[in-house]
Amino acid sequence: MNVKILYLYPDFMSLYGDNGNVRILERRLKDQGFDVEIIKRTITDSAITFDDVDFVYMGSGFESNRNLVAKHLSQFKDGLVKAIDDGVPMLFTGNAYDVLGSSIMTPERDEIRCLGIFDFTVIDQIEKRFTGDVVLADTKKNDVYVGFVNRAGVLKGEGTLEFYVTKVIGSVPLTKDGVRKNNLLGVSLIGPLLLKNHKIAESFVKTICERKGTEYKEIRYPHSEKSHDKTKKALLNAEV
């Protein structure tokens with residue numbers, strides 16, 4: 001059985017090894033017995049369709065690239081929204097999920113209109129970047145996620161954000177982060193996210209199996225589990 005991964009803007013939005021998320025998911029899906037097709041779409045494409053895809057991914061990029069992507073992707077908002085409403089699994093990492101909010105304010109005070117799927121805004125600045133290791137608490141699933149954040153801006157509208165920031169080692173000025181709707185997840189963590197957070201990867205694979213009507217096979221990935229546990233322990237025990 002074939003699974004289609006739609007990889008958005010891999011040439012513009014693939015900093016920090018975030019393309020590893022696609023490779024990790026591809027490996028896990030192949031381990032489930034699927035044939036995996038990766039479809040890449042970018043700025044030069046005049047059409048992006050979300051019909052008949054099983055997973056959508058976009059990684060982080062330079063802020064200038066993110067702004068271009070926000071404008072380009074807005075042409076295909078209706079298809080993206082329909083796919084979200086239909087429950088297509090999606091992952092937006094780093095500053096990729098900025099484009100799902102209302103707007104981005106650049107350091108030059110230019111306002112970039114975004115997709116408006118979530119009610120938050122991003123305000124960029126150039127004085128310094130906000131970087132650091134972060135621990136996120138997912139109270140709905142009683143889980144903890146770990147990773148690195150590298151942002152040029154702050155998010156306003158925390159009421160729409162999903163996860164509580166419980167620990168920061170660095171200069172990240174976040175108390176909440178991330179968005180979730182149906183099977184879409186957007187989160188600032190980079191590096192890649194699915195390597196250090198095996199339960200997120202497992203959740204996506206389970207959802208894809210369910211949507212394809214196949215039984216999920218329990219497969220352990222001990223290196224990923226160890227990476228998560230080791231990172232979580234080190235961050236929680238670190239002095240700030």
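Does residue 43 satisfy the condition of being touching a Phe, Trp or Tyr at 6+ places or on another chain (Cβ under 6 Å) and of a type outside the set (Lys, Arg)? No, not satisfied. Among the residues making up region 2-38, a single one is surrounded by 21 or more Cβ atoms within 10 Å (Cβ to Cβ), modelled with pLDDT of 95 or more and of a type in the set (D, E, K, R): 28.
Of all the criteria given as (1) part of a helix (DSSP H, G or I); (2) within 22 Å of residue 203 (Cα to Cα), the one not satisfied by residue 76 is (2).
Would you check which residues across region 55-65 are more than 23 Å from residue 82 (Cβ to Cβ) and either surrounded by 23 or more Cβ atoms within 10 Å (Cβ to Cβ) or touching a residue at least 12 places away in the same chain (Cβ under 8 Å) (or both) and list them?
Of everything in region 55-65, those that are more than 23 Å from residue 82 (Cβ to Cβ) and either surrounded by 23 or more Cβ atoms within 10 Å (Cβ to Cβ) or touching a residue at least 12 places away in the same chain (Cβ under 8 Å) (or both) turn out to be 60, 61, 62, 63, 65.
Residue check: is residue 205 in a strand (DSSP E or B) and either touching a residue at least 40 places away in the same chain (Cβ under 8 Å) or touching a Lys or Arg at 6+ places or on another chain (Cβ under 8 Å) (or both)? Answer is no for this residue.
In region 98-169, counting only strands (runs of 3 or more DSSP E) that sit wholly within it, the ones holding 3 or more residues that are closer than 17 Å to residue 196 by Cα and under 19 Å from the mean Cα position of the chain (by Cα) span 130-138, 143-151. Every condition in (1) modelled with pLDDT of 95 or more; (2) closer than 18 Å to residue 41 by Cα; (3) not in a helix (DSSP H, G or I) is met by residue 51 except one, and the failing one is (1). Scanning region 81-93 for residues that are out of contact with any Leu (no Cβ under 7 Å at 6 or more places or on another chain) and crowded, with 17+ Cβ neighbours inside 10 Å gives 83, 88, 89.
The values are calculated or read from the model by the stated rules, or taken from the named source; none is laboratory data. Here the structure is a predicted model, which is why all the values come from computation and not from measurement. Ideal geometry is used to build each Cβ from the backbone, glycine not excepted, and the neighbour counts take in all protein chains shown.
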